[in-house]
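Trainee: Following this message is one structure expressed as structure tokens.
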Amino acid sequence: MLSSDSRLQLERILKRIASGKEVSLGERIYVDKFADQNQTVSNWLKRARRLQQQGGSHNDIDHLLTALDIGSADPNANYNPKEDDLGDWFGGAPSWLVRS
């Protein structure tokens, strides 16, 4: 359970992450510590990272994915058909997904 002070501090840091503003290493460690222990904070962090990636994009699909908390917060996890080979992109997939 988060104290109200911790929650407010986390919200301030996550808002800065989402908007792409500077966040210190100590603050990132602070957020990660809570994200490792609390699923709600982990979801908040993923949402903030996703918003940071969008960089103010007004794409309806991006807004929907963010609102539903769907998709990856890792910018390297997205397939780009102009730069990526589909076979290589799925190379790290689990064995049940790889084509036999």
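Values in this text are rule-based calculations from the coordinates and carry no lab data. It should be emphasised that the depicted structure is a prediction, and the values quoted were computed from it without experimental measurement. Cβ placement follows ideal geometry from the backbone for every residue including glycine, while neighbour counts extend to all protein chains displayed.
Trainee: Modelling each spin label as a point 7 Å along the Cα-to-Cβ direction, I'd like the ASP32/GLU11 distance in nm, to one decimal.
Mentor: For ASP32 paired with GLU11, the spin-label model returns 2.5 nm.
Trainee: Where does each of 24-35, 8-19, 42-53 land if you order them by average Cβ count within 10 Å, highest first?
Mentor: So the peptides 24-35, 8-19, 42-53, ranked by packing, come out 42-53, 8-19, 24-35.
Trainee: Follow-up. On full extension of the chain, what length is gained from THR40 through LYS82, given 0.36 nm per residue of separation minus the C-alpha to C-alpha distance?
Mentor: Result for the pair: 11.6 nm of gain on full extension.
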